[in-house]
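Before any comments, here is the structure.
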Amino acid sequence: MKCDVCTNEATVFLTQIINGQMTTVNLCETCSKAKGVTDEMGFGLAEAFLGAGNTTNVQRNDVLTCPSCGFTSAQLKKIGRMGCPHCYDTFQEGLDQLLSSMHKGTRHLGKIPTRAIADSRRNASMEELKHALQSAIDEERYEEAARIKIEMQALQTPAPQAESQGA
Amino acid sequence: MMRFSTLIKNPADWMRGSGPHSEIVMTSRVRLARNLRDYPFPGFSQEQQRVDLLANVRSVVEALPEMKDGFSDEYVNLSKIRKQVLVERHLISREHAARSTGCGVVVDRKQSISIMINEEDHFRIQGIRAGLNLRSAFALVDQVDTELEQELAYAFSSRFGYLTACPTNLGTGMRASVMLHLPALVLTDQISQVVKAVGKIGLAVRGLYGEGTEALGNLFQISNQHTLGEKESEIIAQIEKVIEGVVRSENMARAKLKEDSPTHLRDQIGRAYAILRHAHILSSKEALNLLSLLRLGADLDIVPDCDRGLLDMLLLEIQPAHLQLQAERELTPDERDIMRAEITRLRLQSIAPPVNVSHSESPPPTGGSFQETNDE
């Protein structure tokens, strides 16, 4: 059998199930090394050859896809790792069960980064202001819209000492 | 910033210093896994995204006060041998060394802190201390982490903590590990019991260079596996408690060896010294195992006034990549064994031979046949 990449004799045969479809790739020694088939991290090997975009007719209902990075539940199952931080929201279902088998608990009790918390609060109020701005414009309350805009700008410039603001 | 050669020329801070139980506990290391909110994890990102991330964060990491005058480079500029040297120094992981484009590392002057960029997570921040000192190693990385967090948007959820590529690191993202030298537990065949007991409490036991590596030179690493559902301080306190227990067992085994078979012990240490001082071919495995015995001899005052720092440094110098770095070329395994023996002979010149113990009241007359040691 010939290598899928060059024309040498294939010695490495790779079979993977991607999104419920079996994919087989045949490679020669050189190409398998060049493509990192020995990569111990073992991420999407077939994708490396077939292109990540090779997802023809996979939009089946049981495959969940992360809207942020495109990682799928099938990949998660195969690799055991997440695609991006937002995957923890996308693949929330069944996560607690998985985590309780790995850890002492399923809730974080350790260090909390102050800035990440401040950011998420700021983002939440930003969302509120955006909504308020939209309705003000829709209802032609332009003076109020201008006021909201100023408020949004103030929120965007990080305050040096934001600690004193009550929760 | 510091050049690679300058970094490597000097022994790391932990090799020079000593800490609690440093006759048995070689090092305490703590690493934190951290990620940025708006990038996919390195294992699922495009090469360009990793390149962009590295370009965006490298100067931020280099600007940390702890990293002043440290070493920093991208992996595309580092040869395979240089990366392997960093692995042997415990400054980067084997997995990270296998990568290239978009990856980099920043190491502080004292080789106490290293920050890997685009490992399995965007950041792996590691602190290393001599002896049993996990709290102090944690304090190092905690400080760096707090400073980084002021500049970067971390991926954090109040429910799951620090979000990591692998759910096994979720929460604190912290792995605390201790490297132990346990020759007496190995010699008295008690090590497998200890490993089993430690495993039962949910801690992992590994060899010298981490997962899947052999416990060469009687060196073992013990680390936590759980990262979620506990505070950092609780995880560290638990490991320290377990390590105190292992140290006690090792000390008991050492006392037992000294008590039950002193001649046998002296014989083993004397032979180790003799081979290390005179061999011309030394495999890595043989050298590590003999150096372990020499270190045991030093701990038990059988090898007097032995410089431990010298032994620690030698242990690194004879690793394959360190040898090749010094030779400035790739070496075959045979060539490495010859060079390893040469360096070992040279370095050990300054170490006095083990105490010579005679088992009789007066030394045997020349050509005499004293029968003291034939107790079998």
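The values are calculated or read from the model by the stated rules, or taken from the named source; none is laboratory data. Because the structure is a prediction, the values reported are computed rather than measured. Using ideal geometry, Cβ is built from the backbone for each residue, glycine included, and neighbour counts are taken over all protein chains shown.
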When you look at A:T15, is it at pLDDT 65 or above and within 23 Å of A:C3 (Cα to Cα), yes or no? no
Within the stretch A:122-149, how many residues turn out to be within 16 Å of B:R37 (Cα to Cα) and free of Cβ contacts under 8 Å to residues at least 12 places away in the same chain? 2
Hits in the stretch B:159-175 - residues which are more than 7 Å from chain A (Cβ to nearest Cβ) and surrounded by fewer than 24 Cβ atoms within 10 Å (Cβ to Cβ): B:R175
Out of all the residues in the stretch B:113-122, is one or more more than 14 Å from chain A (Cβ to nearest Cβ) and part of a loop (DSSP other than H, G, I, E, B)? no
Unique match (being assigned to a helix (DSSP H, G or I), modelled with pLDDT of 75 or more and under 30 Å from B:H226 (Cα atoms)) among A:Q153, A:Q75, A:Q134, A:Q92: A:Q75
How about the stretch A:75-119: which of its residues are surrounded by 14 or more Cβ atoms within 10 Å (Cβ to Cβ), at the interface with chain B (Cβ under 9 Å from one of its Cβ atoms) and polar (S, T, N, Q)? A:Q75, A:T106
Within the stretch B:53-82, work out how many residues are in contact (Cβ under 8 Å) with a residue 24 or more places away in the chain and not in a loop (DSSP other than H, G, I, E, B). 18
Name, by its number, the condition in (1) touching an Asp or Glu at 6+ places or on another chain (Cβ under 7 Å); (2) part of a loop (DSSP other than H, G, I, E, B) that does not hold for B:A184. (2)
It is to be established whether one or more residues within the stretch B:192-204 are part of a loop (DSSP other than H, G, I, E, B), more than 14 Å from chain A (Cβ to nearest Cβ) and at pLDDT below 95. no
Scan the stretch B:28-40 and give yes if some residue there is among the aliphatic types (A, V, I, L, M), in the same structural domain as B:N169 (by TED's automatic domain parsing) and assigned to a helix (DSSP H, G or I), otherwise no. no
Quick one: would you say B:F4 is surrounded by 20 or more Cβ atoms within 10 Å (Cβ to Cβ) and either of a type in the set (F, W, Y) or assigned by TED's automatic domain parsing to the domain that holds B:E119 (or both)? no
When restricted to B:L208, B:L228, the only residue over 16 Å from B:V242 (Cα atoms) and either surrounded by fewer than 15 Cβ atoms within 10 Å (Cβ to Cβ) or modelled with pLDDT of 90 or more (or both) is B:L228
Of (1) buried (at least 24 other Cβ atoms within 10 Å of the Cβ); (2) within 14 Å of another protein chain (Cβ to nearest Cβ), B:S28 fails just (2)
Boolean, B:H90 is in a loop (DSSP other than H, G, I, E, B), buried (at least 20 other Cβ atoms within 10 Å of the Cβ) and not β-branched (V, I, T): yes
Search the stretch B:128-144 for residues being surrounded by fewer than 21 Cβ atoms within 10 Å (Cβ to Cβ) and among the charged types (D, E, K, R), and hand back the single one that is nearest to the other protein chains (Cβ to nearest Cβ). B:D142
Determine whether B:N218 is closer than 29 Å to B:Q319 by Cα and buried (at least 19 other Cβ atoms within 10 Å of the Cβ). yes
Look through B:A165, B:A153, B:A139 and report the one residue that is touching a Lys or Arg at 6+ places or on another chain (Cβ under 7 Å) and at pLDDT 95 or above. B:A165
When you scan the stretch B:191-203, do you find a residue that is touching a Lys or Arg at 6+ places or on another chain (Cβ under 8 Å), within 30 Å of B:Q319 (Cβ to Cβ) and buried (at least 17 other Cβ atoms within 10 Å of the Cβ), even just one? no
